[in-house]
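The structure appears right after this line, and notes come after that.
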Amino acid sequence: MFVLALKGKEDEGAYSVEEETGKTLYLFVDKDDAMRYAGLLEADDYPLMSVVEVSEREAIGACIERNHPYFVITPDQIVIPPDF
């Protein structure tokens, strides 16, 4: 699995999408999808992002432990960044 993190600050946490109900961590199954989403963020003048590979078990486990919402994005799904 892959997450996005601010370039140069990969050890400080992963990018979460701000939604009406709070922040949701996007977990990408496919690296290309994560890279594509990072490119869409960049096109919206968001800071540069890095694609970071993470263990599915550890990432989902950390979200469950912290009661942090997450969403697994599979290759057959299309996601676009929300309007800022």
Query raised in the report: Within the set of pairs 6+ apart or on separate chains, which have a first residue in segment 7-22 that is within 16 Å of residue 42 (Cα to Cα), a second that is outside any strand (DSSP E or B), and C-beta atoms under 6 Å apart?
Result: 7/48
Report task. Just need a number here: residues in segment 1-11 that are under 17 Å from residue 62 (Cα atoms) and touching a strand residue (DSSP E or B) at 6+ places or on another chain (Cβ under 7 Å). Result -> 6
Report task. Quickly run through segment 72-84 and pick out the residues that are open to solvent by 90 Å² or more (accessible area, probe 1.4 Å) and touching a residue at least 12 places away in the same chain (Cβ under 8 Å). Result -> 80, 84
**Report entry** Residue among 57, 36 that is open to solvent by 70 Å² or more (accessible area, probe 1.4 Å), among the basic types (Lys, Arg) and more than 13 Å from the chain's Cα centre (by Cα)
**Finding:** 57
**Report entry** Whichever residue in segment 28-49 is aromatic (Phe, Trp, Tyr) and in contact (Cβ under 8 Å) with a residue 40 or more places away in the chain and, among such residues, is farthest from residue 7 (Cα to Cα)
**Finding:** 28
Query raised in the report: Counting only residues that are surrounded by fewer than 16 Cβ atoms within 10 Å (Cβ to Cβ) and among the β-branched types (Val, Ile, Thr), which one in segment 1-28 is farthest from the chain's Cα centre (by Cα)?
Result: 21
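The values are calculated or read from the model by the stated rules, or taken from the named source; none is laboratory data. From a predicted model like this one, the values you see are computed outputs, not experimental measurements. Methodologically, a virtual Cβ is constructed for each residue, glycine included, from the backbone with ideal geometry; neighbour enumeration extends over all protein chains shown. Ligands, DNA and RNA are stripped out before the accessible areas are found, and what is left, the full protein with its side chains, is counted by its heavy atoms. Shrake-Rupley method; radii C 1.70, N 1.55, O 1.52, S 1.80 Å.
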